[in-house]
Amino acid sequence: MEQPWTEKYRPQRLDEMAGQEAIVDRFRAYVKARSMPHLLFAGPAGSGKTTAALCITRELFGDVRGNFLELNASDERGIDVVRTKIKDFARTRSITGDFKIIFLDEADALTFDAQNALRRTMENYTSTCRFILSCNYSSKIINPIQSRCAVFRFRGLSDEAIRGRLEFILEQEGAGFEGTGLEAITYLAEGDMRQAVNLLQSAAALGKVDEDNVYAISSRARPEDIRQLLELSLGGSFMEARKLVDRLIIDYGMSGEDVIVQMSREVLKLDEGDELKIRVIDLIGEANYALVEGANERIQLEALIARIMLLKSLSN
């Protein structure tokens, strides 16, 4: 079975990482000094947090085996994990280096008690172990832990950084592609390199990375379809807009929330005044909240179309 491209082409060295140049420069300083503090990585999915932790460990020790423990806090989030697995690994010295590294992914999923226990473990075993905590939201990490870490805020990757990496992978694989296919991937990935590479591999498996194949495997709509939905709604064409919603749900397999999320993204590109765009975004937010609370997605989408129509008519 072929290895997933996300692992096959995961950067092995800091120099191979894309789109986080300022952060990587600081990591190089740690590697040069052969020392580092506890680290806290905060940022969106697919921005390189796990890859950075692996690259730092590899460059410090030459290998991650024996010196690196990776745990996912969303799976092992209780205080017992901190008191047993983490503590047992942290208390023993590294054979090949001055310290070991524990990488705790999704650390914002740890319970309050587990975070307090982790804080004490970080204090007690600094001489033998360094911690790298990864999270989407640093505000969910207690202040005593944040104050003991150097905080790095990863940003979503730029379209240029993602495209450059995708072109490198395609060159290595000898796969055919079109520029519009890569544009579609960068649009859908929204700064998430992991999602971009997964889309690339799935599209390549269909024979060629082109726009049609990318959207066929993404279960997402083309941006022009979403803009058309908004324009039909603003133009008062309720039945036409409703038919387009049917096509998005049936042909593309989109959920109601998927449609609404893309609408919020595309409304800013409409040739309308800022005040009207703000009101449409407000209505989209209300519909999204209703869906999160369990409302019927079809009814909410139709109601949203109707509200946008009324909004336009009242503004005239």
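Select from region 1-59 the residues that are polar (S, T, N, Q) and closer than 24 Å to E123 by Cβ and write down the one among them that is surrounded by the most Cβ atoms within 10 Å (Cβ to Cβ). Step by step, filter region 1-59, then rank; the result is T57.
Within region 188-221, the set of residues being at pLDDT below 90 and outside any helix (DSSP H, G or I) comprises L206, G207, K208, V209, D210, S219, R220, A221.
Does at least one position in region 108-125 carry a residue that is touching a residue at least 60 places away in the same chain (Cβ under 8 Å) and not charged (D, E, K, R)? So far as region 108-125 goes, yes, one or more of its residues are touching a residue at least 60 places away in the same chain (Cβ under 8 Å) and not charged (D, E, K, R). Residues of region 139-169 that are within 21 Å of the chain's Cα centre (by Cα), assigned to a loop (DSSP other than H, G, I, E, B) and closer than 30 Å to T121 by Cα: I141, F154, R155. Total residues in region 170-187 satisfying the condition of being buried (at least 20 other Cβ atoms within 10 Å of the Cβ) and touching a Phe, Trp or Tyr at 6+ places or on another chain (Cβ under 9 Å): the figure is 1.
Scanning region 228-270 for residues that are outside any helix (DSSP H, G or I) and touching a helix residue (DSSP H, G or I) at 6+ places or on another chain (Cβ under 9 Å) yields a total of 7.
Looking only at region 33-92, which residues are polar (S, T, N, Q) and either modelled with pLDDT under 85 or closer than 30 Å to A189 by Cα (or both)?
Within region 33-92, S47, T50, T51, T57, N67, N72, S74, T84, T92 qualify.
The values are calculated or read from the model by the stated rules, or taken from the named source; none is laboratory data. What you are looking at is a predicted structure, and each value in this text was computed from that prediction instead of being measured. Glycine also receives a Cβ, built like all others from the backbone with ideal geometry; neighbour counts cover every protein chain displayed.
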